Structure formats: C-alpha cells, structure tokens
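The structure appears right after this line, and notes come after that.
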Amino acid sequence: MLQKSSDTKTSGNDGIPVRFLKSNLTVTASLILHTINLSIVSLKIPASSKSTTLTPLYKDGDRTDPVNYSPISILHVISKVLERVAHNQVHKYSSHDKILSDAQFGFRKGYSTSTCVWNLINTISNNMENGMMTGVLFLDLKKAFHTVNHNIMLQKLSMYGLGPMCVSWFKNSLSNRTHIVTCGVPQGCILGPWMFIVCINDMDKEITDCSISLYADDTALYYAHQSYVDLMLALWNDIDSVTQWLNLNKLNVNTKKNQQIYVIWHQKQAETSR
C-alpha cells in the first residue's frame, strides 16, 4: 500500500516524507503495521493523526470571503495508510452486504458522474418514448461535509450493521481533532467520503413517488407522468419529505444554487397538453 504512494505526496505535520518511509521499508513496515494493529486493538487513533495542517481550498464566489473556502486536511503518511486499511475493510463490508443505496453514484467503485448523468438521461429518454413527461428538481446541500452531525452518523453506522467496537473506533477518530470538534467529516482524509455517503444513504427511504439520483451531496429528484398536475403533486410531496429528512439530519439546502423544477417532454406532448 505504501509502495503505491507517490513520492511527491505532501508530508503532514510530522515532516516525514513518503520517500523516506518507502526507502526504509525493511525497518518502517513493521513499525507501521504495529501502529495499525495497536489502533484496532485499542479502538483509538494516534493523537498525532488528529492534529493536521489545514490548507484553504477556494470553491467559488468572493475570494476575500473565508466562507468560500473549504479547509483541506494534510494528513501525515502513516495516518493515510491507517485510514486506507480501515477504508478497505468498511468498503468491502458495505459492498458485500449492499448497504449503500443504488441511487448513490459518488465515491464508489464502478460509479462516477458519467454513470450518474447517463442513468438520468436514459430514464428521461425512456419516459419520453412512453409518452410521459419528466419533472426534475436539482438540489445541492450547503457545506454538506462540514455539517454532518457526528452522533447521527455514528447511529447510522450502527444501524447498517457495524459492530460496537468498529463504531467506537470511528467515534474516537472523530473526537478531539484540533480543527473539527462537533460536526463534519474531516476534509482530505480517506474515510471522509465513505462516512458522508453512509450518513445520507437513507435519504431515498423517505421518498414515496419519485426516484432519486445522487453524486455525493448533489441530488436529482425526478418523477414521470402523463399528467402535468399529477407530476407536480408527486414532486412537491416528495420535496416535503426530503426537506423533513434534511431537517431531521441537520443538513441544509444551498439556496444560492438552482432549485427550479425542469419539466421535459416531447413537442407532441406539449401540443397535446394545450
């Protein structure tokens, strides 16, 4: 795992470069393995792994406004190896037991933005061929990774079958960090994306009529019907359900981004509906 790491990877606050660890594997491998095993047995993350260097990453908007930057954690190499080992285990478990929703296309092997978009386009095309119009609402969660509630996330890890010891390890990994205390998944860490998609994994369970497609926190809610009135009623009903789910899970919609409902139909359908 360490051998696959690029020598140009940035060192964390311990100052130990990847090249040093790789060139001295005969010595460092046993020490790293001991650290990993000790973390698993003690259900604790080394304190040094929780103190990270933050780099502000610009997203959009006014560059002078700190709100428009995301803090990215620069982890030290051994922390990355530890998290990669943990990630491989939980990812294998979630894939084998199929606990992740088929609607989630983000941060999963074999899924991508392309497959997410293709799935939505293909669905809309089939609906058009069957004489139905499709209503689509696009949602974006506001600072989603930063606002994930730790207690809710840990409850969901338990709900999806992770044992008490595993949940305790995750709880410890989230606690006593120098830059994130009560909410959010650590940005820049390997386990962060997986923890996030598990946290929003049950959003689709609240929907009764519509279908949903997600890429991480980017969400498309859509419904097809021959009647425009029935289509809009179904969409608004499930928009209410999603809003309640977001409130319950202490997440918010980014109101600055487009939330319009787009209705897609054939010209013939438009003429028939007049």
I'd like the full set of residues that are of a type in the set (Gly, Ala, Ser) and in a loop (DSSP other than H, G, I, E, B), limited to region 153-178.
GLY161, GLY163, SER175
Scanning region 82-136 for residues that are among the hydroxyl-bearing types (Ser, Thr, Tyr) and open to solvent by less than 30 Å² (accessible area, probe 1.4 Å), which turns out farthest from the chain's Cα centre (by Cα)?
THR134
For LYS250, the lone unmet condition from (1) without any contact (Cβ under 8 Å) to a residue 12 or more places away in the chain; (2) charged (D, E, K, R); (3) outside any helix (DSSP H, G or I) is (1)
In region 115-152, anything over 26 Å from LEU246 (Cα atoms) and either hydroxyl-bearing (Ser, Thr, Tyr) or outside any helix (DSSP H, G or I) (or both) is listed as SER125, ASN130, GLY131, MET132, MET133
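Matching residues to (1) open to solvent by 80 Å² or more (accessible area, probe 1.4 Å); (2) under 30 Å from HIS150 (Cα atoms); (3) modelled with pLDDT under 65:
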residue	(1), (2), (3)
ALA234	no, no, no
VAL242	no, yes, no
TRP245	no, yes, no
LEU248	yes, yes, no
VAL253	no, yes, no
GLN259	no, yes, yes
GLN269	no, no, yes
THR272	yes, no, yes
Considering region 144-170 alone, what residues qualify as being without any contact (Cβ under 8 Å) to a residue 24 or more places away in the chain and surrounded by 16 or more Cβ atoms within 10 Å (Cβ to Cβ)?
LEU154, VAL167
Just need a number here: residues in region 211-232 that are assigned to a loop (DSSP other than H, G, I, E, B) and open to solvent by 20 Å² or more (accessible area, probe 1.4 Å).
3
Scope region 7-44; condition open to solvent by less than 80 Å² (accessible area, probe 1.4 Å), modelled with pLDDT of 85 or more and in a loop (DSSP other than H, G, I, E, B); matching residues
LEU43
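The values are calculated or read from the model by the stated rules, or taken from the named source; none is laboratory data. Please read all numbers here as calculations on a predicted model, not as lab measurements. Note: ideal-geometry Cβ built from the backbone for every residue, glycine included; neighbour counts use all protein chains shown. These area figures cover heavy atoms from the full protein model, side chains too; ligands, DNA and RNA do not enter into them. Shrake-Rupley method; radii C 1.70, N 1.55, O 1.52, S 1.80 Å.
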